């Protein structure tokens, strides 16, 4: 698999604390990679190190197969666009003037400005001063600046921060469309797990600077342990029967909660209960949500 | 040229809008002083104006440099733009462009001030031939001092989040600079106050004789030691603030 971004043992220390610890991030080309973690986990620091804004204490960063060094940093970053933490803008200038500055620095023809403004649907507001923009509009302008010149890689750090639900939906759809429409690879960080569930193909979970999961989102979902909820006419005897058969379970809220069983074992269990004269009222399979998986992996309540 | 042009686009007319009122005040002041000159004033008008200009520059330019630096640095702080700009251009280029932009504006300011002062003298009817050398010395030193103060103010604007503090520093510095004028010419203590370096450009000393109630202008030689110190301070400050700017994480 080709990786658009690859970090190797990336480490950053602030004082004695490791903000990022031996991080190996692999972002496949053409994917939307959701970089997840609670606040302060090291997401922004990692993204800043990828962009060369923060100097790593050790480790290396490869972007599009080239190892970033102070000498080639800008050359490589020409093929990237970024929106880190909050949108960057000059409030006293109009949206278009802001774009003109970025276009000039990126050496992108001016006609691309109109196209990009159209993509983020800011063309009707382009002559308004950015200080008069709403936060959502500023975020869209930030995304437009990042997308200017059609970079191969986009790094978006919490791009939906501060947006209203409609804005979040709009931003999500826009990001979702980038790989198919423009062939971009998107590395998007968030602490909103539900958001990543709807947006990303791949996910990496960082906690206390350590990568605790990395892979396809589907694989992450497979981490979710199934639970079986069984409701019977006689839970006390049913529990005793299950314990005799050494099946771990507990009586919780009027149901017996079992760890995920195979279909065959479930069928055998139901037969055994019925044979023992215990009527089975309901069998329900429960899957962990992404939030619960995250909690399971990090052992920390996520901020949502 | 692109990054420098970008800086121009960013600032639009911000720097001129700071410098233009200062220039207007200084010229109105000197114009008012030059009105209805007596024969002595006609003969020595331009020389007299060098001392007035020195005083006015010392009063107004430290604060002007502080405002300029604050405007240039704060627009980046306010808009969180460093983390975007530093992925598009070298930090060093960004710093250099800001310095060049400020330097070019100050250069235009000092040139305009000199030319317009000459015109004021012509309008007032000064008969003294324009002492170009004295004005070159005065304005050259003024420009270097102002640039030094701008660099120092850049540091304060980078270091301090609240942009009011750098302005206060500029204001206090302005007072210190004025007080330093009372120090004897060539005094060692003068060199510790960069806001007072404007005085190094003075070509004449005004001596007031109480008995005759007359003001005499004494020509003084250029303070070479002062000039070297000013140049050294300018280079050192430029390198140090540049280094600080590069090291500062965004």
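The values are calculated or read from the model by the stated rules, or taken from the named source; none is laboratory data. Quick caveat, the model's predicted, so the values are computed rather than measured. Cβ coordinates were reconstructed from backbone atoms using ideal geometry, including for glycine residues, and neighbour counts include every protein chain displayed.
Going through (1) closer than 16 Å to residue B:6 by Cβ; (2) buried (at least 16 other Cβ atoms within 10 Å of the Cβ); (3) more than 11 Å from chain B (Cβ to nearest Cβ) one by one, residue A:56 falls short only on (1). Among the residues making up the range B:80-104, those that are crowded, with 20+ Cβ neighbours inside 10 Å, facing chain A (nearest Cβ under 7 Å) and farther than 16 Å from residue A:107 by Cβ are B:81, B:83, B:86. Among the numbered conditions (1) modelled with pLDDT under 90; (2) outside the structural domain of residue A:180 (by TED's automatic domain parsing), the only one that residue A:41 does not meet is (2).
Can you tell me which residue within the range B:64-79, out of those that are in a helix (DSSP H, G or I) and within 7 Å of chain A (Cβ to nearest Cβ), is surrounded by the most Cβ atoms within 10 Å (Cβ to Cβ)?
Filtering the range B:64-79 down to residues in a helix (DSSP H, G or I) leaves B:64-78.
Filter again for within 7 Å of chain A (Cβ to nearest Cβ), leaving B:75, B:78.
On the way: B:75: 17, B:78: 14.
Across the range B:64-79, the extreme among qualifying residues is B:75.
Of the residues making up the range A:140-169, those that are in a helix (DSSP H, G or I), in contact (Cβ under 8 Å) with a residue 40 or more places away in the chain and either in contact with a strand residue (DSSP E or B) (Cβ under 8 Å, 6 or more places away or on another chain) or surrounded by fewer than 20 Cβ atoms within 10 Å (Cβ to Cβ) (or both) are A:142, A:143, A:145, A:146, A:147. Would you confirm, using the coordinates I've provided, whether residue A:69 is under 24 Å from residue B:92 (Cα atoms), within 14 Å of another protein chain (Cβ to nearest Cβ) and buried (at least 17 other Cβ atoms within 10 Å of the Cβ)? Judged against the criteria, residue A:69 is not a match.
Restrict the check to the range A:72-95 and report whether at least one residue is in a helix (DSSP H, G or I) and farther than 25 Å from residue B:248 by Cβ.
First, the residues of the range A:72-95 that are in a helix (DSSP H, G or I): A:73-77, A:95.
Applying the additional criterion that residues be farther than 25 Å from residue B:248 by Cβ yields A:95.
Yes, some residue in the range A:72-95 is in a helix (DSSP H, G or I) and farther than 25 Å from residue B:248 by Cβ.
Mind checking which residues of the range B:5-27 are over 22 Å from the mean Cα position of the chain (by Cα) and surrounded by fewer than 16 Cβ atoms within 10 Å (Cβ to Cβ)?
Step one: of the range B:5-27, the residues over 22 Å from the mean Cα position of the chain (by Cα) are B:5-6, B:9-10.
B:5, B:9 - these are the residues of the range B:5-27 that are over 22 Å from the mean Cα position of the chain (by Cα) and surrounded by fewer than 16 Cβ atoms within 10 Å (Cβ to Cβ).
Of the candidates B:192, B:182, the single residue that is surrounded by fewer than 18 Cβ atoms within 10 Å (Cβ to Cβ) and more than 26 Å from residue B:49 (Cβ to Cβ) is B:192.
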